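Trainee: Please read through the structure below; I'll follow up with questions.
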Ligand SMILES: NC(=O)c1ccc[n+]([C@@H]2O[C@H](COP(=O)([O-])OP(=O)(O)OC[C@H]3O[C@@H](n4cnc5c(N)ncnc54)[C@H](O)[C@@H]3O)[C@@H](O)[C@H]2O)c1
């Protein structure tokens, strides 16, 4: 298939673009490079630098593309900034998403795979979280993803748009020479690895009095290439599973302290740890039930051990001491 990958210069999009190419699909990337990296776009994929909110850019891309499907990764996704600047989050993630859907309809492209998030659930009432858990987002980022999921439902019904959404838990790891390099970086694993590279004052753990086994927050880390694999699987199921939503996580939680301990093991660096105050809105634990993706899609994550996930990220870090633009 020929696939338009929005946000394909970003972390998950650029890994997925590589997997698509490896499996024989054609790829065009649309990315405004607000977060993404030109070097992240694989050889063999065309990069169009432009904004998903811009209907004229979209018309040009679709007119030249003749796409069979779209994978929509482009988004603003920093939770803390979504609390202070919701305008930006609704503009990019909802208005931009709508501009994309409308361009798809104008140009007759009717298949979409959407990157949603565990942030749609808010504070979980039960663990593991199933897809039918209540949706009460606690930040405008999660709200924007939930709004767009619901928009998709109506576009599906009225315009026969075929769509599958994935709610990722915490994407992590590196694949195909692509690692995680957000600026600012708010994700735990790359920040802990950066600290391990030194010189550093160590790592700050935000709260150690949560109701978890060691008092630190628990999250479900899923390897970025397993997320990419789910997207490629979804391409083959848009006809028979349109409207489905799947969690992508391993169904196993690791605490912040576990991540620090495994990082010490992987890097051999005895990282100092400081305990700071909790961050507002951080749930104690977020762990997926991945059963739907396993049972319906046949998704089988290949990277199931935290040590391998962090190990792959560390390998990438060692070759890119300062992230992109600093390859060794
Ligand atoms: N990383 C995670 O753990 C995680 C978890 C849940 C959901 N997600 C979702 O997965 C998707 C990809 O996440 P990521 O970690 O790769 O993020 P990322 O920031 O690395 O990638 C997003 C890409 O979208 C581009 N972009 C942003 N706004 C754009 C716009 N208006 N027009 C065109 N391009 C634009 C950025 O430049 C970037 O390359 C996002 O939708 C995110 O919300 C990520």
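The values are calculated or read from the model by the stated rules, or taken from the named source; none is laboratory data. Because the structure is predicted, anything quoted here is derived from the model rather than measured. Glycine gets a Cβ as well: all are built from the backbone with ideal geometry, and neighbour counts include every protein chain shown.
Trainee: Residues in region 33-43: is at least one surrounded by 18 or more Cβ atoms within 10 Å (Cβ to Cβ), in the same structural domain as residue 88 (by TED's automatic domain parsing) and within 7 Å of the ligand (Cβ to nearest atom)?
Mentor: The answer is yes, given that some residue of region 33-43 is surrounded by 18 or more Cβ atoms within 10 Å (Cβ to Cβ), in the same structural domain as residue 88 (by TED's automatic domain parsing) and within 7 Å of the ligand (Cβ to nearest atom).
Trainee: Oh, and also: Give the residues of region 44-55 that are more than 7 Å from the ligand (Cβ to nearest atom) and either crowded, with 21+ Cβ neighbours inside 10 Å or over 20 Å from residue 93 (Cβ atoms) (or both), sorted by residue number.
Mentor: Correct list: 44, 45, 46, 47.
Trainee: In addition: Let me spell it out: the conditions are (1) assigned to a strand (DSSP E or B); (2) within 16 Å of the ligand (Cβ to nearest atom), and residue 182 meets all of them except one. Which number is the exception?
Mentor: (1)
Trainee: In the list 243, 251, which residue meets the criterion of being in contact with a strand residue (DSSP E or B) (Cβ under 8 Å, 6 or more places away or on another chain), surrounded by fewer than 17 Cβ atoms within 10 Å (Cβ to Cβ) and assigned to a loop (DSSP other than H, G, I, E, B)?
Mentor: After applying the criteria, what remains is 243.
Trainee: Got at least one residue in region 22-30 being within 11 Å of the ligand (Cβ to nearest atom), modelled with pLDDT of 95 or more and in contact with a strand residue (DSSP E or B) (Cβ under 8 Å, 6 or more places away or on another chain)?
Mentor: Scanning region 22-30, I find at least one residue that is within 11 Å of the ligand (Cβ to nearest atom), modelled with pLDDT of 95 or more and in contact with a strand residue (DSSP E or B) (Cβ under 8 Å, 6 or more places away or on another chain), so the answer is yes.
Trainee: Moving on. Considering only residues that are exposed (fewer than 15 other Cβ atoms within 10 Å of the Cβ) and in contact (Cβ under 8 Å) with a residue 40 or more places away in the chain, look in region 63-84 and name the one that is nearest to the ligand (Cβ to nearest atom).
Mentor: 80
Trainee: Scan region 298-308 for residues that are surrounded by fewer than 19 Cβ atoms within 10 Å (Cβ to Cβ) and not in a loop (DSSP other than H, G, I, E, B) and jot them down.
Mentor: Correct list: 307, 308.
Trainee: So residue 13 fits all but one of (1) near the ligand (Cβ under 6 Å from one of its atoms); (2) surrounded by fewer than 24 Cβ atoms within 10 Å (Cβ to Cβ); (3) part of a helix (DSSP H, G or I); what number is the exception?
Mentor: (2)
Trainee: A further question follows. Considering each residue of region 121-146, count those that are buried (at least 19 other Cβ atoms within 10 Å of the Cβ) and closer than 18 Å to residue 85 by Cα, and give that number.
Mentor: Count: 9.
Trainee: When you look at residue 120, is it over 21 Å from residue 35 (Cα atoms) and within 11 Å of the ligand (Cβ to nearest atom), yes or no?
Mentor: For residue 120, the condition - over 21 Å from residue 35 (Cα atoms) and within 11 Å of the ligand (Cβ to nearest atom) - is met.
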